[in-house]
């Protein structure tokens, strides 16, 4: 069984930790990523915690995070 986090919530999965770290590096919030892939932030949070499968959206995560990286690099030029 997965370890419980604060207030009984599930802890992030290894994939969830990677996504959260990527969001932090890009100064994005979970709601930004959820909006870009077309789901609500509650659903994305459940996916990152392993409560809901998210295979259907995996390409969307990567694409949205890559787009955020490109926007950042364009600002730095």
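The values are calculated or read from the model by the stated rules, or taken from the named source; none is laboratory data. From a predicted model like this one, the values you see are computed outputs, not experimental measurements. Ideal geometry is used to build each Cβ from the backbone, glycine not excepted, and the neighbour counts take in all protein chains shown.
Observations on the structure shown:
- One residue stands out in the stretch 10-28 among those that are free of Cβ contacts under 8 Å to residues at least 24 places away in the same chain and within 13 Å of residue 48 (Cα to Cα): the one that is farthest from the chain's Cα centre (by Cα), namely 14.
- Residue that is farthest from residue 9 (Cα to Cα), among those in the stretch 44-61 that are buried (at least 16 other Cβ atoms within 10 Å of the Cβ) and at pLDDT 85 or above: 44
- Qualifying residue in the stretch 65-75 (condition: at pLDDT 85 or above and in a helix (DSSP H, G or I)): no
- Screening residue 41 on (1) modelled with pLDDT of 85 or more; (2) buried (at least 16 other Cβ atoms within 10 Å of the Cβ); (3) touching a helix residue (DSSP H, G or I) at 6+ places or on another chain (Cβ under 7 Å) shows it passes everything except condition (2).
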